[in-house]
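For reference, the structure is listed below as structure tokens.
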Amino acid sequence: MTTRTDAPTRREQILKEAARLFAERGFHGVGVDEIGAAVGISGPGLYRHFPGKDAMLAELLVGISERLLAGGQLRVDEDATSGDGSPEALLDALIEGHIDFALDDRPLITLHDRELDRLRDTDRKRVRRLQRQYVELWVEVVRARYPLLPETEARATVHAVFGLLNSTPHLGRPGALPGRTATAALLHRLARGAFEAAGEEA
């Protein structure tokens, strides 16, 4: 997969700082002026980019759901076109992609857990729909790797693995974890172990 190396836009900078502040202090504990100060612009200047905090929250949570699904689908598509892929390699690729999210976007995990109910109904339903599609993409790959695993158990295992990988905000303060490479390798082993256990039982 190609990795974007462009400098973040001002809009992306605002979203990144908003996610960090919302995760640290809660949605209602952060003012527009503070978000603006974090990116070097006045609070009112933010309104050139977003109509308000609610719009920032919606874009953060809908956006990460869209990116996870698009990234997973891209891995599936690349595997299909390569001609020499295997279900095991594809599952590893999906795990690696989700680990990147879990380690690099920890504030968004906290934000999702605490603030999803603050979204408008339409945005919240969109997030849930995208998440269901992402889960089903994984279920199909898991069942290709473990064909004897019933669909309901594959789905339950996928949700359990997501819970494991998305636990990174609770694993300790910054600096308390081993290095990123070691943490990623550990999470990968744990995720594969969960799938192996489910597959062996089947």
Task: Matching residues, the stretch 77-101, being at pLDDT 95 or above and surrounded by 18 or more Cβ atoms within 10 Å (Cβ to Cβ) - done: Leu90, Leu91, Ala93, Leu94, Ile95, His98, Ile99, Phe101
Open item on the list: Checking Phe50 against (1) more than 21 Å from Leu186 (Cα to Cα); (2) open to solvent by less than 20 Å² (accessible area, probe 1.4 Å); (3) part of a helix (DSSP H, G or I): exactly one of these is not met. Which one?
Closed with: (3)
Task: Number of the condition not met by Leu148 [criteria: (1) in a loop (DSSP other than H, G, I, E, B); (2) within 25 Å of Ser65 (Cα to Cα)] - done: (2)
TODO: List the number of the failed condition for Val30; all other conditions in (1) in contact (Cβ under 8 Å) with a residue 12 or more places away in the chain; (2) among the aliphatic types (A, V, I, L, M); (3) more than 26 Å from Leu137 (Cα to Cα); (4) open to solvent by 30 Å² or more (accessible area, probe 1.4 Å) hold.
DONE: (4)
TODO: Please find, among Arg128, Arg143, Arg189, the residue that is over 20 Å from Ala23 (Cβ atoms), part of a helix (DSSP H, G or I) and in contact with a helix residue (DSSP H, G or I) (Cβ under 7 Å, 6 or more places away or on another chain).
DONE: Arg143
Open item on the list: Could you check the stretch 152-181 and list, in sequence order, the residues that are open to solvent by less than 40 Å² (accessible area, probe 1.4 Å) and at pLDDT 85 or above?
Closed with: Ala154, Thr157, Val158, Val161, Phe162, Leu165, Ser167, Thr168, Pro169
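The values are calculated or read from the model by the stated rules, or taken from the named source; none is laboratory data. Just so you know, these numbers come straight off a predicted model, no measurement behind them. Backbone-built Cβ (ideal geometry, glycine too); neighbour counts: all protein chains shown. Side chains included, ligands, DNA and RNA excluded: accessible areas come from the protein's heavy atoms. Shrake-Rupley method; radii C 1.70, N 1.55, O 1.52, S 1.80 Å.
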